[in-house]
Every structure is written in structure tokens, then in C-alpha cells.
1. Could you tell me whether any residue of region 117-133 is acidic (Asp, Glu) and part of a loop (DSSP other than H, G, I, E, B)?
2. Inspect all residues belonging to region 91-98 and state whether any of them is of a type in the set (D, E, K, R), under 22 Å from Leu244 (Cα atoms) and either assigned to a helix (DSSP H, G or I) or over 17 Å from the mean Cα position of the chain (by Cα) (or both).
3. For Gly97, indicate whether it is surrounded by fewer than 16 Cβ atoms within 10 Å (Cβ to Cβ) and either in contact with a helix residue (DSSP H, G or I) (Cβ under 9 Å, 6 or more places away or on another chain) or within 23 Å of Gly21 (Cα to Cα) (or both).
4. Could you please find all residues in region 222-246 being loosely packed, with under 13 Cβ neighbours inside 10 Å and under 19 Å from Ala38 (Cα atoms)?
5. Among Ile168, Ile198, which is surrounded by 16 or more Cβ atoms within 10 Å (Cβ to Cβ), out of contact with any helix residue (DSSP H, G or I) (no Cβ under 6 Å at 6 or more places or on another chain) and among the hydrophobic types (A, V, I, L, M, F, W, C)?
6. Taking region 14-45 as the region of interest, how many residues are in a loop (DSSP other than H, G, I, E, B), within 15 Å of the chain's Cα centre (by Cα) and polar (S, T, N, Q)?
7. Which one is surrounded by the fewest Cβ atoms within 10 Å (Cβ to Cβ), of the residues in region 52-90 that are among the hydroxyl-bearing types (Ser, Thr, Tyr), touching a residue at least 24 places away in the same chain (Cβ under 8 Å) and assigned to a helix (DSSP H, G or I)?
8. Being part of a helix (DSSP H, G or I) and of a type in the set (Gly, Ala, Ser) is the filter here; which residues of region 155-194 pass it?
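The values are calculated or read from the model by the stated rules, or taken from the named source; none is laboratory data. Note that the structure is a prediction, hence the values are computed from the model and not measured. Cβ sites come from the backbone with ideal geometry, for glycine too, and all protein chains shown count toward neighbours.
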Amino acid sequence: MHITNERIMTNPALKIFSLDGKVALITGASRGLGKEIATGLALSGASVVLVGRTLKPLQDLAEELIASGYPALAVSADVSQSQDVQSTVKAAIQRFGKIDVLVNNAGTTWRSSIVDFDEAQYDRVVNLNMKGVFLCTKYVGIEMLKNGGGSIINVGSGAGQNGMANSIAYCASKGGVVMLTKAAAIEWVQQGIRVNAIMPGTFKTSLLEECMVQEPGYAEMIIRNLPIGRFGELEEIVGICIYLASDNSTFMTGGLIFIDGGANAR
């Protein structure tokens with residue numbers, strides 16, 4: 001796929017706010033929401049650092065963006081590991097000189113009852129979903145403090161506010177992301193760093209497909225409880241991220257924004 005300005009013309013959010021001159025680091029950028037967010041930020045003018053554990057899809061996306069005139073860098077890293085995060089931040093600074101925007105998107109899940117939940121799987125989910133957000137926030141935050149501010153966008157979940165059966169690790173980790181967001185927002189509000197969380201509902205991603213494999217009937221159960229009656233499309237996540245990354249949202253910090261088809265309204 002060759003990325004062209006047709007994407008801008010078909011997605012109104014890309015035409016409203018400019019990210020020219022900004023540098024954005026996006027974790028979990030190789031697929032799903034992270035890939036869509038990274039592409040949207042790039043098309044809005046940001047230079048993007050694409051981070052994930054598997055390098056090839058990151059390189060493919062970076063090459064597509066660069067070929068279309070959008071600066072990009074692909075970095076392989078496990079964001080639950082401190083050394084990986086520090087190396088990633090160093091690479092971003094060496095390439096672009098600064099980081100203005102951090103999107104903490106990397107995440108995973110596992111579906112199981114509490115009594116059958118494997119301890120190793122619990123650690124895997126919590127380490128990636130919550131510890132990864134902490135480490136990226138810490139080390140990118142150090143650079144943002146040097147530069148007088150920035151915007152951190154955490155990808156939470158409605159499951160971080162409302163319980164869900166067979167998802168104890170996911171709910172716990174996403175609930176932790178909510179409080180990480182609020183704590184960082186308060187601590188850094190006077191230093192010009194804004195920290196907000198978007199709270200997506202169920203989107204059409206590979207994570208949804210994994211849940212459907214782990215638990216037959218999962219998709220039908222989710223749809224029954226969605227007021228809007230459908231899953232989210234990837235492009236429906238982009239606009240709010242562009243807004244939060246832009247200077248149009250400078251009075252907003254510590255916020256939780258639900259993009260969930262009405263699920264949290266119940």
C-alpha cells in the first residue's frame with residue numbers, strides 16, 4: 001500500500017489539526033489501533049517513531065510512510081523491559097532530537113476464569129499493559145521535562161473502569177493505566193506535560209480475533225452488550241489521538257475519553 005493524501009481527504013480528523021514539527025513515539029505500532037494511530041499522526045504532520053516487538057511490520061510501515069514523504073523510524077523493543085525502553089528513547093532522540101508526543105498503545109490480553117488463570121499469563125498481561133506504560137512514561141517524560149512539555153496519550157479500556165468476567169489480568173492492568181494517567185497528570189501539570197487516556201471499546205483488531213479463539217462466543221457476547229450494535233472501525237480511533245497530540249488540547253489533562261459505542265453509558 002502506498003500512502004497518499006487520499007487518506008487525508010477521506011478522514012476529516014486529519015484535515016483539522018496540524019502536528020507539523022512534532023515528534024510522536026507510538027508503542028504497539030505494528031498492527032491494529034497502534035498502526036492506525038501512527039499513520040494518522042504521520043499524515044497530520046508528525047515525525048513518527050514506530051515501536052513494537054516484531055521489527056518487520058514496523059519497517060514495512062516506516063518504508064511506506066517515508067516513500068510518501070512522512071518521516072518515520074522503526075524500533076524493535078519490549079516496552080516491559082527498562083533497557084529496551086531506554087534504548088528506544090535514545091534512538092528517537094538521536095534521529096529526531098526530541099519527543100513531543102507519546103502514545104502508550106502496546107497491550108495484550110488473556111481470557112480465562114480466575115481459578116484457571118495461569119500465573120505466567122497474568123504476569124505477561126500486567127507487565128506489558130501497565131509496567132510498559134510506566135516505563136515509557138518515565139523515560140519519555142524525562143525528555144519532555146527537558147523540552148518544557150509534551151502530550152502523553154495512554155490507551156486504556158472500558159475494562160479498566162467496569163469489570164468483565166474471565167479478564168482479571170486485563171481489567172486489573174487497564175485499571176492501573178487509569179491511575180497511572182491521573183497520577184502523572186497531577187505530578188506534571190505545572191511542567192507542561194499533559195497526560196490523558198483514551199478508553200476504547202471493542203475494535204476490529206487482531207486482539208479481538210485472539211479473544212474469539214480463546215473463548216468461543218466472545219464476539220457475540222460483546223455485541224449483545226454494545227448499545228451501538230457493532231465493533232469499532234480502526235479509523236474511528238484516529239481523530240481523538242490527533243486532537244490530544246495537538247496544541248488544541250492544552251487545557252486537557254488527566255482526562256478519560258471513552259470511545260466505546262456507548263458501553264460506558266450503561
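1. yes
2. Checked against the condition, which is being of a type in the set (D, E, K, R), under 22 Å from Leu244 (Cα atoms) and either assigned to a helix (DSSP H, G or I) or over 17 Å from the mean Cα position of the chain (by Cα) (or both), region 91-98 yields at least one hit.
3. Yes: the conditions hold for Gly97.
4. Listed by number, the list holds a single entry, Glu233.
5. Ile168
6. Summing the residues that are in a loop (DSSP other than H, G, I, E, B), within 15 Å of the chain's Cα centre (by Cα) and polar (S, T, N, Q) in region 14-45 gives 1.
7. Ser82
8. Gly158, Ala159, Gly160, Ala169, Ala172, Ser173, Gly175, Gly176, Ala183, Ala184, Ala185
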